[in-house]
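Okay, structure first, notes after.
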């Protein structure tokens with residue numbers, strides 16, 4: 001079974017144009033994501049998918065693989081365009097703004113897909129331990145059922161803790177990395193946006209609205225996503241600590 005990881009990368013970000021090329025510890029951010037994705041031992045191939053020649057050339061400059069796509073409405077659309085003609089079985093949609101990407105977490109997601117051959121879509125969740133995260137609409141929460149089944153994703157605080165203390169409650173944040181069976185990815189990208197997806201601006205709700213089971217692997221995610229230029233110093237500090245703990249860079 002072949003597993004391909006795809007990193008969709010746009011140059012024209014409204015909050016941070018050129019974000020994939022932002023320098024972090026001497027490398028463009030997209031290079032950190034690419035190289036750390038390759039450290040996941042059960043991922044056979046990693047490639048960047050972009051519609052921008054500048055990103056393509058930067059990836060080629062560090063000997064990475066890159067596919068030029070056309071304009072795409074969503075990251076998942078761009079991922080599918082990149083693998084449309086690829087003979088792969090599982091496709092990972094990786095995030096290009098996570099320079100601290102954890103290879104062990106990516107491996108856990110792939111392992112779940114390999115162990116559950118009937119599962120069409122998987123993702124990752126990590127514990128929420130602060131009220132600030134729980135109440136932050138930029139932190140996507142996940143209500144989980146048995147065996148890691150994702151019941152709902154929301155920017156609102158879910159589940160609502162009525163008469164339940166916050167400390168020790170099972171509250172999960174979504175880690176925006178997805179795994180798809182390739183045939184399902186093609187179907188998923190053909191569906192129109194639904195009411196819930198439009199309301200929450202969360203692409204994964206399209207699958208739930210169409211009755212698809214999404215399951216999540218539970219991990220400790222050290223992620224430090226870069227959304228604006230102001231996030232770069234924090235990302236550099238976090239990445240530096242990770243590299244030191246791993247014994248190098």
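For this structure, a couple of remarks:
- Among 173-180, 138-145, the peptide with the highest mean count of other Cβ atoms within 10 Å heads the list, and the full ranking is 173-180, 138-145.
- Spatial offset of segment 201-247 relative to segment 78-128 amounts to 12 Å, using the alpha carbon center of each.
- In this structure, residue 84 and residue 227 have a Cβ-Cβ separation that, at R0 = 35 Å, corresponds to a calculated FRET efficiency of about 0.75.
- Cα-based equivalent ellipsoid of segment 126-222: semi-axis lengths in Å, sorted from largest, via gyration tensor: 25, 15, 12
- Shown for segment 1-96 is the translational diffusion coefficient from the Stokes-Einstein equation, using the Kirkwood radius over Cα pairs, a temperature of 37 °C and a viscosity of 0.692 mPa s: 247 µm²/s.
- Computing FRET efficiency as 1/(1 + (r/R0)^6) for residue 62 and residue 133, where r is the C-beta to C-beta distance and R0 is 30 Å, gives about 0.35.
- With the simple model of a label 7 Å out from the Cα in the direction of the Cβ, residue 45 to residue 151 spans 4.0 nm.
- Descending Cα extents along the principal axes, the chain, whole Å: 55, 39, 34
- Net lengthening on full extension, residue 193/residue 25 (0.36 nm per residue, minus Cα-Cα): 56.6 nm
- Computed [θ] at 222 nm, deg cm²/dmol, the chain (DSSP H ≥ 4; -39,500 (n - 2.57); rounded to nearest 500): -9000 deg cm²/dmol
- Highest-MSF residue in the chain out of 153, 166, 188 [GNM, Cα springs under 10 Å]: 166
- Candidates 92, 151, 101: whichever shows maximal mean-square fluctuation once the chain is modelled as a Gaussian network with Cα springs under 10 Å: 151
- Relative contact order [Cα under 8 Å, 6+ residues apart], segment 75-233, whole percent: 36
- A Förster distance of 22 Å, applied to the separation of the beta-carbon atoms of residue 245 and residue 38, puts the FRET efficiency at 0.75.
- A Gaussian network model of the chain, with springs between Cα atoms under 10 Å, assigns the largest mean-square fluctuation among 162, 131, 181 to 162.
No value in this document is a laboratory result; all are computed from the given coordinates. Since this is a predicted model, take the numbers as computed values, not measurements. Using ideal geometry, Cβ is built from the backbone for each residue, glycine included, and neighbour counts are taken over all protein chains shown.
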